[in-house]
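Notes follow the structure.
The values are calculated or read from the model by the stated rules, or taken from the named source; none is laboratory data. Everything numeric here is computed off the predicted structure, so don't read it as measured data. Here Cβ is always computed from backbone atoms with ideal geometry, including for glycine, and neighbour counts include all displayed protein chains.
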Amino acid sequence: MGSQRLLMWDIDFTLLHTGGVTRTAYGAAFRHLTGQEPLAYPDFAGRTDLDAATEVFARHGVAEPDLAGFLTRYAVELLDRAHLIPERGVLLPGAREVLFALAGRPRIVQTTVTGNIAPVAHAKLAAFGLDAALDLTVGAYGTEAVVRPALVAASRRRAEEKYGPFAEVLVIGDTVHDVAAALACEVTAIGVATGRTTGDQLRVAGAHAVLDSLADVTAVVTLLAPAPG
């Protein structure tokens, strides 16, 4: 079992994006709790929802916000709009093909390590049918910690409790935060330059490999799950 490989996928702008559905739900949750329109949104890229929510309330001068209540309401608002994700959102090229090709490989376990809270992460993945390729029970999500390295560590712990030790762990994401989290946990960082972060920025951050996209399915699968030999 020591040859097992654990793949931790980021979601937003690595596999898909929701075309504004997430932002609409976020704004609705903010209005529900505060009675006001959000004047500004945080930069969500690579950050946990717990971290981003703390910032957005601070920027609006809300002292001691009910973060748990806000994130619960955000999940409700997103789930109410989940049917809009397939029509307004985008499944990034190669994402489905890569995930399902890897899901068929022996000794490969795939999950998500994401800044999204769990209900939102699951809804986004399910909207495009990606959830079936992942073991979401060993993932880590955006209410568990403020910063991402703790999420990588938590997911690895859960996966090893379920599957045993892994010879290699890979974090695949589109931001420098994904790369930094992998490096902090001394695992492999794979950058995917399909978000707002360039390939060069991902390399400078220390990514072990950088992909322009997931579109070349054969090359991506070979990188993430090389044949033994």
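Worth pointing out:
- Which listed residue, of A101, A133, A159, A154, is under 17 Å from R5 (Cα atoms), buried (at least 18 other Cβ atoms within 10 Å of the Cβ) and free of Cβ contacts under 8 Å to residues at least 40 places away in the same chain: A133
- Restricting region 71-98 to residues that are assigned to a loop (DSSP other than H, G, I, E, B) and touching a helix residue (DSSP H, G or I) at 6+ places or on another chain (Cβ under 8 Å), the residue that is surrounded by the most Cβ atoms within 10 Å (Cβ to Cβ): G94
- Scanning region 20-42 for residues that are in a helix (DSSP H, G or I) and in contact (Cβ under 8 Å) with a residue 24 or more places away in the chain yields V21, T22, T24, A25, Y26, A28, A29, F30, H32, L33, T34.
- Checked against the criterion of being under 17 Å from L134 (Cβ atoms), touching a helix residue (DSSP H, G or I) at 6+ places or on another chain (Cβ under 9 Å) and at pLDDT below 95, region 213-228 has at least one qualifying residue.
- Subset tally (residues that are under 22 Å from A193 (Cβ atoms) and exposed (fewer than 15 other Cβ atoms within 10 Å of the Cβ)) for region 21-50: 1
- Residue pairs whose Cβ atoms lie under 7 Å apart, sitting 6 or more positions apart in sequence or on different chains, and linking a residue in region 43-66 that is in a loop (DSSP other than H, G, I, E, B) to a partner that is buried (at least 19 other Cβ atoms within 10 Å of the Cβ) and polar (S, T, N, Q), are A45/T175; G46/T175.
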